[in-house]
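For reference, the structure is listed below as structure tokens.
The values are calculated or read from the model by the stated rules, or taken from the named source; none is laboratory data. Just so we're clear, the structure is a prediction, and the values are computed from it rather than from any experiment. With ideal geometry, Cβ positions are generated from the backbone for all residues, glycine too; neighbour counts draw on all protein chains shown.
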Amino acid sequence: MDKDDKKPKTYVSTFRFALKPQGGKQKENGLGTTKRMLTGNNKLRCSSAAGVKQGKMWSVESPTFKEPIRDGSVCVGGDITFQGVITGTQPLNVSWLHNGIVVTASKTSFKNSVASLTLTQCSTVNAGEYTCMAENSAGRTSSSALLQITDYEAGTKEIPTSSNREQRNDVSLKSESRKNTVGSWQHREEKDKVIRDCRLQTKTPTSKGPPLEFLDPPEKVEVCVGQQAWLHCEFRSSSLPVACCWIYNKAKVVSGGSRVTVRSEGTQSSLEISQAVPEDTGSYTVIVRNRHGSAQHTLSLSVIDRPTPPSSQPVASRVSTQSLVLSWTGPSYDGGTAVLGYIVEALQEGSKEPGSWTEISRCKNTSHQICSGLEPLGRYRFRVRAWNFAGTSEPSQESLYIKMAAAKEKKHEPDSYVTVTIDTQHKVRDHYNVHEKLGVGKFGEVYRLTHKETGKEFAAKFYRARTSKDKSEAHKEIKIMNKLHHPKIVQCLAAYELRPELAMVMEYVAGGELFERIVDENFEHTEPTSARYVQQILEGMQYVHKQKIIHLDLKPENIVCVDTSGTQIKIIDFGLASELVEGKPLMVMHGTPEFVAPEVINYEPVGIETDMWSIGVICFILLSGESPFQGNNDAETFSLVTAASFEFDPESFEDISDEAKDFIRSLLKKDRRSRLSCTEALSHSWMASFTPLIRRPTKSLNKEKMRRFLTRRKWKKTGQAVLALNRMANLYSRPEFSGSSSEEPVWSREAEAAIQSLDKQLQTEPHFQQALKDITLPKGVTAQLTCLVDGYPQPEVKWLHNEEPLCDSSRVKMQQDEDGFCSLVVADLAPSDSGIYVCIAQNKLGEAMCSAKLKVEL
């Protein structure tokens with residue numbers, strides 16, 4: 001502090017009490033620090049590495065709540081006023097917060113040191129925490145209280161317990177002191193009084209709870225780009241002072257700068273960031289330490305901005321005369337907060353105003369059906385914008401021109417169906433050119449063909465007809481295909497048998513397997529589209545079952561798309577199909593483990609319900625990308641199937657409707673008689689909920705699990721199932737795939753050093769908060785000298801009597817508590833006990849002492 005004050009004063013440690021010298025004489029430089037002068041009557045001495053500094057006191061007093069605001073309760077519709085008395089040098093800036101937000105609409109005032117906030121016609125929205133903040137050039141302080149809204153009592157009700165975060169424990173200490181005034185030991189009375197008086201002067205909280213505890217700290221703060229971010233935490237501390245630091249993302253110490261201000265006062269700490277930018281987004285951890293322990297709290301700051309444009313141009317599907325479905329990819333960066341929706345814009349070719357884009361729809365998902373604003377045969381370009389709480393993005397890339405249809409899309413049907421007679425005079429190559437292999441099955445291989453005369457494409461299945469049984473199975477399939485003339489069933493167009501060749505010519509379906517199409521980036525995959533695919537499967541199988549035929553090998557590989565752009569499918573591969581004969585139970589021992597029904601594994605009679613089970617499995621995978629009965633091996637899979645044991649993973653089915661889950665349950669029933677038929681399934685509420693007349697929100701489903709399913713299927717086909725499954729299990733069990741890590745993030749070296757330095761910031765040299773007092777007592781009684789010393793690390797205390805060290809004996813007892821209370825008790829006083837008693841407190845930073853005179857009267 002500054003020197004040259006007219007009246008010399010002595011200051012002890014960081015509290016800097018101003019003590020007037022005794023008597024009229026003034027001593028140069030106050031009391032000496034090198035020679036101990038034992039003159040009695042409340043003399044204080046101190047010595048330290050820094051020496052005793054003297055000077056005049058500051059003229060500006062920081063604000064202090066002489067009377068904090070208190071908790072309150074009011075009924076709905078009632079009025080209430082919060083009041084607090086604030087002292088400190090004017091001018092004072094007083095403001096109010098409600099749950100951390102500045103109060104602007106209510107009546108506030110600050111007159112004659114009284115700050116008030118009046119709330120009228122209260123409702124439940126007024127409940128919560130109210131904070132009064134006072135600030136001047138010397139500092140800032142705050143007081144908080146809770147408001148409870150009730151509906152059973154009129155008027156206001158004041159709760160007597162103060163909720164002021166800095167002074168709560170002072171009030172409880174006063175009450176505790178009153179309880180102890182009657183019937184307490186003199187030693188306890190004196191100790192309570194000394195500690196109470198000193199702590200009330202220094203506003204030191206006393207708590208029997210944890211050393212440090214945060215009081216309802218915020219978990220997340222969200223601001224827009226350019227705004228001010230205020231991260232504020234209040235805490236309860238068992239002792240003062242406290243030291244605080246802020247760490248950004250567990251790595252960088254936040255120490256202030258041109259845009260950043262850190263303030264820590266009393267039992268609160270705040271971090272202010274002006275002109276926030278997206279780079280400020282992250283986690284901020286405040287670490288608070290006092291002499292008894294530490295606590296930390298991490299909150300996240302989101303500096304939100306407009307999202308970036310959607311990452312891909314819109315892709316159209318299901319184009320009709322006046323409607324289509326657009327699908328796109330969301331923005332690569334959402335702006336720091338959730339994307340709330342999308343705006344679809346269209347530009348019609350030949351528009352009178354070139355470049356005039358028109359908003360035609362808004363939606364919440366990345367796939368949306370446009371049903372208005374489009375004209376038949378019109379040509380349109382489309383683009384999409386994303387929007388969030390902060391604003392709307394720039395537009396995505398524009399789509400190519402898309403021409404609307406002239407008439408509604410019609411179902412694909414051949415001109416006519418043919419009944420095939422096996423040609424035993426020719427070979428396939430007599431009429432067709434044979435090209436690349438398309439696939440390999442249990443009974444043969446499939447190749448692409450082109451007709452030598454017309455050039456049209458076809459597919460041919462060449463059977464392995466080595467035995468009479470093989471030929472019988474091939475003839476059986478051709479016979480069944482002659483009975484299946486339906487647009488959802490691949491058609492048999494010709495058959496050839498001339499040793500050693502036996503082949504069946506079929507439609508060439510160019511669209512590929514359905515599941516392979518679904519995982520394509522430009523292909524729409526939603527719950528409604530999945531329902532339409534299942535509907536087509538049911539329509540085809542409904543026809544098959546009416547012919548008393550069951551497929552017995554329905555699986556994703558046998559559901560193919562008609563072409564590469566449409567959504568029509570066909571069912572293929574009837575190599576395991578069988579006809580049902582009334583009165584003759586059919587039992588089989590073939591199928592694909594993941595899709596086979598329990599009755600097949602148990603070698604029980606099968607029926608049309610056996611196919612319904614497989615449709616249920618396909619539907620489950622279609623919606624989630626997971627197989628309901630997939631085990632680590634075939635034996636485990638068979639066990640799960642026979643038990644009909646499956647569940648809907650919450651993550652995989654998070655966006656799937658309850659109707660879809662009920663549909664699957666209705667098919668995957670262990671008792672085949674309880675399963676839905678195709679006709680019943682087509683009438684299920686899930687099917688009905690996606691008719692053209694009923695519009696429902698469409699959300700794009702995650703394709704990643706579907707990709708994993710297809711990868712596993714391919715590995716299994718190549719005989720690498722066990723190795724593949726192990727590699728997949730190891731890959732997706734790693735933390736970067738699971739989305740979380742079991743290990744807590746570690747501090748950086750910079751952060752660790754800052755945290756360790758907090759303890760050093762708390763270290764202070766010893767100083768007496770309450771000095772010894774002179775006493776006069778009669779001979780034979782017990783004397784007690786008490787004082788309160790502060791310092792960190794905790795000082796070591798010694799006692800002197802007339803400059804001679806004292807030790808514990810039968811008459812003399814010395815005590816030092818953790819809270820700094822020191823006492824010397826001398827029993828059965830004698831005249832020789834009179835004299836000057838000195839208490840000396842020492843730690844590694846310095847030394848302080850105080851003295852008092854004891855007079856024993858005869």
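Which one is surrounded by the most Cβ atoms within 10 Å (Cβ to Cβ), of the residues in the range 314-333 that are of a type outside the set (Gly, Ala, Ser) and over 14 Å from residue 367 (Cβ atoms)? If you could, list the steps in order and put the result at the bottom.
Within the range 314-333, the first condition is being of a type outside the set (Gly, Ala, Ser), and the residues that meet it are 314-315, 318-319, 321-322, 324-326, 328-329, 331, 333.
Those left that are additionally over 14 Å from residue 367 (Cβ atoms): 319, 321-322, 331, 333.
On the way: 319: 17, 321: 16, 322: 16, 331: 23, 333: 16.
Top of the filtered list is 331.
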Quiz item: So how many residues does the range 323-358 have that are in contact with a Gly (Cβ under 9 Å, 6 or more places away or on another chain) and either at pLDDT 85 or above or aromatic (Phe, Trp, Tyr) (or both)?
Solution: 7
Exercise. Considering each of 803, 750 in turn, give the residue that is over 25 Å from residue 291 (Cα atoms) and of a type in the set (Asp, Glu).
Key: 803
Quiz item: Can you pull out the residues in the range 68-119 that are of a type in the set (A, V, I, L, M, F, W, C), part of a loop (DSSP other than H, G, I, E, B) and in contact (Cβ under 8 Å) with a residue 24 or more places away in the chain?
Solution: 69, 76, 92, 103
Quiz item: Taking the range 355-392, which residues are touching a Lys or Arg at 6+ places or on another chain (Cβ under 6 Å), under 26 Å from residue 307 (Cβ atoms) and either among the aliphatic types (A, V, I, L, M) or assigned to a strand (DSSP E or B) (or both)?
Solution: 390, 391, 392
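For the range 334-354, name all the residues that are surrounded by fewer than 16 Cβ atoms within 10 Å (Cβ to Cβ) and in a strand (DSSP E or B).
Keep residues of the range 334-354 that are surrounded by fewer than 16 Cβ atoms within 10 Å (Cβ to Cβ), which gives 338, 340-341, 349-354.
Of everything in the range 334-354, just one residue is surrounded by fewer than 16 Cβ atoms within 10 Å (Cβ to Cβ) and in a strand (DSSP E or B), namely 341.
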Self-check item: Looking only at the range 670-684, and only at residues there that are outside any helix (DSSP H, G or I) and without any contact (Cβ under 8 Å) to a residue 40 or more places away in the chain, the one that is farthest from residue 546 (Cα to Cα)
Solution: 671
Quiz item: Pick from 562, 519, 490: which is buried (at least 21 other Cβ atoms within 10 Å of the Cβ) and aliphatic (A, V, I, L, M)?
Solution: 490
Quiz prompt | Residue list for the range 252-284, restricted to those being aliphatic (A, V, I, L, M) and surrounded by 15 or more Cβ atoms within 10 Å (Cβ to Cβ) | solution = 253, 254, 260, 262, 271, 273, 276
Quiz item: Can you name every residue in the range 429-451 that is touching a strand residue (DSSP E or B) at 6+ places or on another chain (Cβ under 6 Å) and among the basic types (Lys, Arg)?
Solution: 437, 448
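Tell me the residue from 471, 461, 479 that is touching a residue at least 24 places away in the same chain (Cβ under 8 Å) and outside any strand (DSSP E or B), please.
Values: 461 fails: outside any strand (DSSP E or B); 479 fails: touching a residue at least 24 places away in the same chain (Cβ under 8 Å).
It is 471.
Residue-wise test of (1) buried (at least 21 other Cβ atoms within 10 Å of the Cβ); (2) at pLDDT below 90.
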| site | (1), (2) |
| --- | --- |
| 507 | no, no |
| 514 | yes, yes |
| 531 | yes, no |
| 543 | no, no |
| 546 | no, no |
| 551 | yes, no |
| 571 | yes, no |
| 578 | no, no |
Quiz item: Out of curiosity, is residue 334 within 30 Å of residue 230 (Cα to Cα) and assigned by TED's automatic domain parsing to the domain that holds residue 399?
Solution: yes
Self-check item: Residue list for the range 297-313, filter: over 30 Å from residue 233 (Cα atoms) and surrounded by fewer than 16 Cβ atoms within 10 Å (Cβ to Cβ)
Solution: 311
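Which fully enclosed strands (runs of 3 or more DSSP E) of the range 756-852 have 1 or more residues being among the basic types (Lys, Arg) and not assigned by TED's automatic domain parsing to the domain that holds residue 291? If you could, list the steps in order and put the result at the bottom.
Working: elements: 764-770, 775-778, 783-792, 796-801, 812-816, 821-826, 835-843.
Strands (runs of 3 or more DSSP E) meeting the threshold: 796-801, 812-816.
Before we move on, is residue 635 free of Cβ contacts under 8 Å to residues at least 12 places away in the same chain, of a type in the set (Gly, Ala, Ser) and either surrounded by fewer than 16 Cβ atoms within 10 Å (Cβ to Cβ) or over 26 Å from residue 573 (Cα atoms) (or both)? Explain how you work it out, then say what you get.
Working: free of Cβ contacts under 8 Å to residues at least 12 places away in the same chain: yes; of a type in the set (Gly, Ala, Ser): yes; either surrounded by fewer than 16 Cβ atoms within 10 Å (Cβ to Cβ) or over 26 Å from residue 573 (Cα atoms) (or both): yes.
For residue 635, the condition - free of Cβ contacts under 8 Å to residues at least 12 places away in the same chain, of a type in the set (Gly, Ala, Ser) and either surrounded by fewer than 16 Cβ atoms within 10 Å (Cβ to Cβ) or over 26 Å from residue 573 (Cα atoms) (or both) - is met.
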Self-check item: the range 773-827, residues that are touching a strand residue (DSSP E or B) at 6+ places or on another chain (Cβ under 7 Å) and hydroxyl-bearing (Ser, Thr, Tyr)
Solution: 776, 782, 786, 792, 823
Self-check item: The one condition in (1) in contact with a strand residue (DSSP E or B) (Cβ under 6 Å, 6 or more places away or on another chain); (2) small (Gly, Ala, Ser); (3) within 30 Å of residue 238 (Cα to Cα) that residue 276 fails to fulfil
Solution: (3)
Practice problem: For residues that are within 20 Å of residue 238 (Cβ to Cβ) and of a type in the set (S, T, N, Q), tally how many sit in the range 784-836. | Solution: 2
Practice problem: Return only the number of the condition from (1) surrounded by fewer than 22 Cβ atoms within 10 Å (Cβ to Cβ); (2) among the acidic types (Asp, Glu); (3) in the same structural domain as residue 677 (by TED's automatic domain parsing) that residue 497 does not satisfy. | Solution: (3)
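Is it the case, given these coordinates, that residue 102 is at pLDDT below 85, not assigned by TED's automatic domain parsing to the domain that holds residue 271 and not small (Gly, Ala, Ser)? Give the derivation first.
Details: at pLDDT below 85: yes; not assigned by TED's automatic domain parsing to the domain that holds residue 271: yes; not small (Gly, Ala, Ser): yes.
Yes, satisfied.
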Quiz item: Does residue 756 fit the bill of being closer than 30 Å to residue 244 by Cβ and either in contact with a Ser or Thr (Cβ under 6 Å, 6 or more places away or on another chain) or surrounded by 15 or more Cβ atoms within 10 Å (Cβ to Cβ) (or both)?
Solution: no
Quiz item: For the range 391-399, does any single residue satisfy the condition of being farther than 17 Å from residue 342 by Cα and surrounded by 13 or more Cβ atoms within 10 Å (Cβ to Cβ)?
Solution: no
Practice problem: Filter the range 823-858 down to residues that are surrounded by fewer than 18 Cβ atoms within 10 Å (Cβ to Cβ) and touching a helix residue (DSSP H, G or I) at 6+ places or on another chain (Cβ under 8 Å) and give me whichever is farthest from residue 786 (Cα to Cα). | Solution: 858
Self-check item: Tally, over the range 268-315, of residues that are of a type in the set (Gly, Ala, Ser) and over 24 Å from the mean Cα position of the chain (by Cα)
Solution: 6
Quiz item: Quick one: how many residues across the range 349-369 are touching a Ser or Thr at 6+ places or on another chain (Cβ under 8 Å) and of a type outside the set (A, V, I, L, M, F, W, C)?
Solution: 6
